[in-house]
Amino acid sequence: MKTSNRPLSPHLQVYKMPLSAKLSVLHRLTGLALSAGAVLLVLWLFSLAYMSAIAVVIHTFFSMMVGKIILMALTFAFFYHFCNGIRHLFWDIGKGFELETLNKSGVAVVIAAVVLTALVWIIGA
């Protein structure tokens with residue numbers, strides 16, 4: 001067997017992922033979180049319609065700090081996924097593929113998601 005001079009993949013602990021890779025993973029994770037959040041929403045609506053005792057338990061849980069943190073995380077997931085979707089629309093038309101633009105738009109998406117999440121929770125409180 002012929003040996004190659006190609007470099008071997010480093011371990012994940014050594015390899016530093018670029019920003020675009022981290023944001024790609026975050027986009028996938030927020031999509032997964034939104035799917036779980038949609039299931040929670042349907043269960044909550046179902047409990048409101050048919051099982052008032054369970055609706056009270058759900059309301060009590062989401063009134064507690066842990067529940068509010070989950071709702072805040074879902075709010076961030078929604079806004080991040082939404083803003084990153086707009087970023088992807090620009091990519092679909094061939095804009096923003098330069099490395100500097102990729103990094104700036106990625107940071108802008110994260111900042112926009114944090115600001116929008118904060119606004120929703122400040123105005124809604």
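Numbers at a glance
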{"item": "Of (1) 1.15; (2) 0.97; (3) 1.06, the label for Rg/Rh (Cα atoms, Kirkwood Rh) derived from the coordinates", "result": "(1)"}
{"item": "The chain: DSSP helices with Cα axial extent of at least 18 Å and average Kyte-Doolittle hydropathy no lower than 1.6", "result": "99-124"}
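Since every read-out is calculated from the coordinates, none of them should be taken as a lab result. Keep in mind that what you see is a predicted model, and the values were worked out from it rather than measured.
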